[in-house]
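Here is the structure we will look at, set down as C-alpha cells.
The values are calculated or read from the model by the stated rules, or taken from the named source; none is laboratory data. Here the structure is a predicted model, which means the values were calculated and not measured. Neighbour counts run over all protein chains shown; Cβ positions are idealised from the backbone, glycine included. SASA here: full protein model, heavy atoms, side chains in, ligands and nucleic acids out. Shrake-Rupley method; radii C 1.70, N 1.55, O 1.52, S 1.80 Å.
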Amino acid sequence: MLKRQLMKAVAAGALLLATSFSAHAEDVLAKAKAAGVLKVGTETAFAPFDFIDAGEHKGLNVDFFEALGKDLGVKIEWVELPWDSVLPSLEAGKFDVVAGPATITKARIARYRMSAPVAEASVAILKKAGDTSITKPADIAGKAVGVGKATAQLAQLQEYSATLPEKVNVREYVSFNDAYADLATGRVVAVANSLPNIAFVAKQRNGAFEVVTPAFGKKTYFGFIGTKDDDHKSLLDYIDNEIIAMKKDGRLGKLQEKWFGTTFDTPDSVPDPAF
C-alpha cells in the first residue's frame, strides 16, 4: 500500500515537473508565433519614430516592426498609450515589447532589457525660426523650455540646467506635440528633444522652427525595451539580431535616411551608457 502511494506521488511529481517545464518552454516568442500576433506598446506622438498622420500610423518603428513581423510570420498588434503609461504597462504584461524607442540610460538597463541601438538620441534644442535670443544651447538659461514628461530628455535638460548661470524654467508635457504647439504660440521659447525628432519636426513645419546646434546632451542612443525575465529573452535576442542584421545589410540605414534625412553610426550594444 505504502509502495503504491509512493509510486503515485513520484508519478504526480514527474507530471508536475513536465507541465512546469512545458509552460516555461513556451516563452513569449513561442506564444507570439503560435498566436500569430506580437503585441507592441508605443506612444504615437514621437515623430518620426511613431506618429499619426492623416489617421495613418507611421514612422520608423512601424516600418521596423512590420519587417520583423514578416520575418516572424506574425501580425503586429499596436497598443497606443501616453509615454508615462507605457513602461508601467510593459511591466504589467499588457504587451510583449515597447517600440518607443527610449534613450538607453544606466537606470533603464538596470531595470529593463534594452535592444541594440536604432538611432542616435543626443538631446538638442528646437526654437521658433528667427528667434535671435537663442543662438546656442546655453541661451536657454532662465527661459521656459518644454520637454516630455518622464523622459530621458527631461533628465538631461535638468542636468544641463544645473550647469547654467540661471536655471531653466522646465515645463513638462505628456506629449511632445503639446510642447511644439506651445512653442508655436510662444508659451515656451524652446523644446528639448532628441536631435532626430526635432530635425524631423523642423523639416515638417515648413520653416516655422529651427534646430539649435550643437546638441547639448551627452552622446546617447535609442533602443526598444523589453523586460529582463527569461520568458522574454528569446524575443529580445531575436530583435537584437534583426537590428544588427539590418544595420549590416543597409536596411536600417535606409530607414534612418527615410525618416531622419540622415544616417547614424550606432554600436551593436551600449553596456555603459553616458548617463
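Just a few scattered comments:
- Wholly within the stretch 169-275, strands (runs of 3 or more DSSP E) carrying at least 2 residues that are surrounded by fewer than 16 Cβ atoms within 10 Å (Cβ to Cβ) and at pLDDT 95 or above: 169-173
- Any hit, the stretch 115-131, residues being polar (S, T, N, Q), modelled with pLDDT of 95 or more and within 19 Å of the chain's Cα centre (by Cα): yes
- Restricting Gly226, Gly207 to residues that are farther than 11 Å from Val147 by Cα, in contact with a helix residue (DSSP H, G or I) (Cβ under 9 Å, 6 or more places away or on another chain) and either hydrophobic (A, V, I, L, M, F, W, C) or touching a residue at least 60 places away in the same chain (Cβ under 8 Å) (or both) narrows the list to Gly226.
- Restricting attention to the stretch 35-53 and to residues that are in a loop (DSSP other than H, G, I, E, B) and out of contact with any helix residue (DSSP H, G or I) (no Cβ under 6 Å at 6 or more places or on another chain), the residue that is nearest to Asp63 (Cα to Cα) turns out to be Thr44.
- Boolean, Ala150 is in the same structural domain as Lys248 (by the TED database), outside any helix (DSSP H, G or I) and closer than 26 Å to Trp259 by Cβ: no
- Wholly within the stretch 54-146, strands (runs of 3 or more DSSP E) carrying at least 2 residues that are buried (at least 16 other Cβ atoms within 10 Å of the Cβ): 75-80, 97-103, 123-128
- Long-range neighbours under 6 Å by Cβ, at least six apart or interchain, first residue in contact (Cβ under 8 Å) with a residue 40 or more places away in the chain within the stretch 51-75, second open to solvent by less than 20 Å² (accessible area, probe 1.4 Å) and assigned to a helix (DSSP H, G or I): Leu68/Glu242; Val74/Ala32
- Annotation note: of Glu242, Glu172, the sole residue that is farther than 26 Å from Ala129 by Cα and among the acidic types (Asp, Glu) is Glu242.
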